[in-house]
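What follows is a short report on a single structure.
Quick note: the coordinates plus some simple rules give every number you see, no bench work behind them. Because the structure is predicted, anything quoted here is derived from the model rather than measured. Heads up, the Cβs are rebuilt from the backbone with ideal geometry, glycines too, and the neighbour counts pull from every protein chain shown.
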Amino acid sequence: MENTTSEPPPEKDATAPDDNQESTTQYVTGVKLVAIISAVTLVYFLILLDMSIIVTAIPRITTHFHSLADVGWYGSSYQLASASLQPLAGKVYSNFSAKITFLCFFAVFEFGSLLCAVSVSSKMLIISRAVAGIGSAGLINAAFGIMMGFGQLGIIIGPLLGGAFTEYVSWRWCFYINLPVGALVAALLVFTRIPAAVKPRDVTIWVAIKKRFDLIGFALLLPACVMFFLALDYAGHQFEWNSPTIIGLFCGAGVTFILFVVWEFTMGGEEAMVPYSMIRIRAVWSSCLVMLFFFGMLELASYYMPIYFQSVNNATPLLSGVYMLPSIISQLISTVVGGALVSRVGYYLPFIIISGALSSIGNGLMGTLNAHSSAGHWIGYQVLLGFGRGLGFQIAVIAVQSSLSAELVPVSMALISFSQTLGGAIFLAMGETLLTNSLKSNLPKLAPEVDPNAVVDAGATAIRDVVKDPVQLEGVIESYAKAVNVIFYVAAGSAALVVFLSWGMGWKDIRKKEDSPRETEQSAPSPSVA
C-alpha cells in the first residue's frame, strides 16, 4: 500500500547552485573583510569629497584661467560623464569580475584626478574632470546605498579642505589629494584575495559585449546629453538663443533623445540600458524625477554659494568654506533626524514634501541676498535650506526599496544614481549660462563705465583687481549679487517641482507589521488528509 503521508523529494531549481557549488562558496571574514570595507568606504568618501572640494576652489580657478564662462562645466562635465556611463557600468559589474572592474574604474578616476591637478588650461581641466567622472560612474555603482553615511563626511570636509588648499597651497591639491588615498585603496584591494561570484561565460567577451551591453542605447544617450549641455552653455553669450547653432543643438538633442527612448522601448527586456519594465513603475520614475530636480537644486546652491561669498563678500576660499557650514551641518543633522522619523512614523511622503517646500523657501531667501546683507541673514537662510535638503536626501531610496522586490532594487538604485547625477549636470550647465548672461545684462546698468567682457574674463575673485573706481566697483559687486540671486531662484523653482513630483512616490507605510492571529490562521496551510 502506498504511503500517502510521504512527500516526494523537492524538485531542484535549475537556477540554484548545486550542493557542491554551494559548499565551495567562500565568504570574506576577519582582516580581509575589514580591508575590503575600508577600501570601498574610502573610495565613496573620495567620490563625495571630489564633488564638494572643488566648490570653494572654483572662484580662484576662474581667476587663474580667466574662465568665468566655464564655471558650470567644471562640475557638469564630471556629472555628465558619470551619468552617461552609470547604466553601462552596472552591466559591466554583472558580466565581469567585480574586483577587476572596480579597480579599472578606480584607475580611471585617479588618472582623471592627476590630469585635473596638472591642467594648464580651462579646457584641459574640463576634459580631465570628464575623465574622472567616467571613473566615478563605476565606483558609484559599486558603493551607492552602502557607504552613504561615512561618505557624508566628504561633503562636510570638502569645502573646508578645498578652501584651505586653495588659500594656503594651491587649488591643484584639490585633485592631488586623491592620489595618496588612492594608493592606499589600491594596496588594500590588490593584495586582498576576494572570492568572485560566477559570471556568465557562455560566449566570448566581444560577443558578450555586443549581446548584453546596450551600446546603441549608450551611443544615442551620450550625444543627446552633450548637445543639450552645449546648447545651454553657448546660448546667450557665444550665440543668440534664436541662432541656427543653438536651435540646431536643441533639435539634435531632442531628436536623438527620442530615438534613444524608442530604442530602449524596442529592446524592452533586461538587456536595455534602462529597462522599460522598471521605468514604468510609478514609484521608480517618480523617484528618479524627484532626484533629478532635488540634486539639481543641491548642486546649484553648493557651487554658487562660494561665488557669492568670495566675489560679493570678498571672503577668502577657506572662509567661504566656513561660511557654508550652517547649511552643511543642518543638512547632516536633518538627514539623521529625518531617517529616524521616517522609520518611526512609517510614511516617507510627508518628509519629501516638507523637504521640497523648505528647500524652495530657503533658496528663495538666499536669492534676496545682496552686497550689504548681514551674516545673520545668510546664516539663517542656510540653516533653513540645509534642514530642508536633509529631510529629503534619502527619501527616494527609501521609496524605491520599499516598493520593489529585493531582486529589482539594484537596478532601481542605478537609475536613481543616474538621475541625480544627470540632474546635477543639467542644472550646473544652466547656472553657468544664467550667471554670465545676468552679469552682462546688469553691468551696463549698475557699472556703465566697466567693460562686461573684462569682468567676465577676470574671474570671480579678481574683480577688485580689474575695477579700481570705488563707485564702479560697487556696481560690479551688486551685479554679481544679482547674478547669483537668479541662480538661487532657479534652485527654488527646482525644489518646488520636487513637491509636485513627489506625490507619485506613493503613500505607503514602510513599518514592518506583525501578522494578526486571524491572518496567521488564514495563511497557515490546511492539514493534509492521510
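How many Å³ per residue does the convex hull of the Cα positions in region 298-387 occupy? Walk me through the numbers on the way to the answer.
Values: hull volume 7.4 nm³, N = 90.
Dividing the Cα hull volume of region 298-387 by its residue count gives 82 Å³.
For region 278-511, count the residues as N, evaluate 2.2 N^0.38 Å, and divide the Cα radius of gyration by that value, please. Show your work: numbers first, answer last.
On the way: Rg = 19.6 Å, N = 234, 2.2 N^0.38 = 17.5 Å.
So the Cα radius of gyration is 1.12 times the expected 2.2 N^0.38 Å.
With a cap of 14 neighbouring Cβ atoms within 10 Å, and only residues DSSP puts in a loop, list the trypsin sites (Lys or Arg not before Pro) found in region 388-496. Intermediate values should be presented prior to the final figure.
Working: sites: Arg389, Lys440, Lys445, Arg464, Lys468, Lys482; in loops: Lys468.
Here the trypsin sites (Lys or Arg not before Pro) that fit, given the DSSP loop and packing criteria, are Lys468.
What Kirkwood Rh does region 271-328 have if only Cα atoms enter the pairwise 1/r average? Answer in Å.
Details: mean 1/r = 0.0716 Å⁻¹.
About 14.0 Å for region 271-328.
Fully extended, how many nm does the chain gain between Ser121 and Arg282 (0.36 nm per residue separation, minus their Cα-Cα distance)?
53.5 nm
Could you sort the peptides 424-432, 455-463, 115-123 by per-residue average Cβ neighbour count (10 Å cutoff), highest mean leading? Walk me through the numbers on the way to the answer.
Numbers: 424-432: 26.6, 455-463: 22.1, 115-123: 16.3.
For the peptides 424-432, 455-463, 115-123, the packing ranking is 424-432, 455-463, 115-123.
Identify the trypsin sites (Lys or Arg not before Pro) of region 259-365 meeting these criteria: DSSP loop state and at most 15 other C-beta atoms within 10 Å of the C-beta.
Details: sites: Arg280, Arg282, Arg344; in loops: Arg280.
Answer in residue order: Arg280.
For region 346-354, just list the computed ³J(HN,Hα) in residue order, Karplus coefficients 6.51, -1.76 and 1.60, θ = phi - 60°, integers in Hz, with x standing in for Gly and Pro.
Working through the residues one at a time gives x, 10, 8, 4, x, 6, 6, 5, 4 Hz.
Calculate, for Thr245 and Ala454, the FRET efficiency according to 1/(1 + (r/R0)^6) with r their C-beta to C-beta distance and R0 25 Å; round to the nearest 0.05.
Working: r = 25 Å, r/R0 = 1.00.
That gives a FRET efficiency of 0.50.
What residues have an amide H closer than 5 Å to that of Ser170, excluding those fewer than 5 places away on the same chain, when H is modeled at 1.01 Å from N in the peptide plane?
Amide H neighbours of Ser170, under 5 Å, 5+ apart: none.
Per residue of region 311-323, in order, report the coupling 6.51 cos²θ - 1.76 cosθ + 1.60 (Karplus, θ = phi - 60°) as ³J(HN,Hα) in whole Hz, putting x for Gly and Pro.
8, 7, 8, 6, 7, 6, x, 5, 5, 5, x, 5, 5
Return, for the Cα atoms of region 215-272, the radius of gyration and Dmax in Å, separated by a comma.
Gyration radius and largest Cα-Cα distance of region 215-272: 13.5, 43 Å.
May I ask you to compute the full-extension gain from Lys508 to Asn314, defined as 0.36 nm times their residue separation minus their alpha-carbon distance, rounded to one decimal in nm? Walk me through the numbers before you get to the answer.
Details: separation 194, 0.36 × 194 = 69.84 nm, distance 4.82 nm.
Length difference between fully extended and current span is 65.0 nm.
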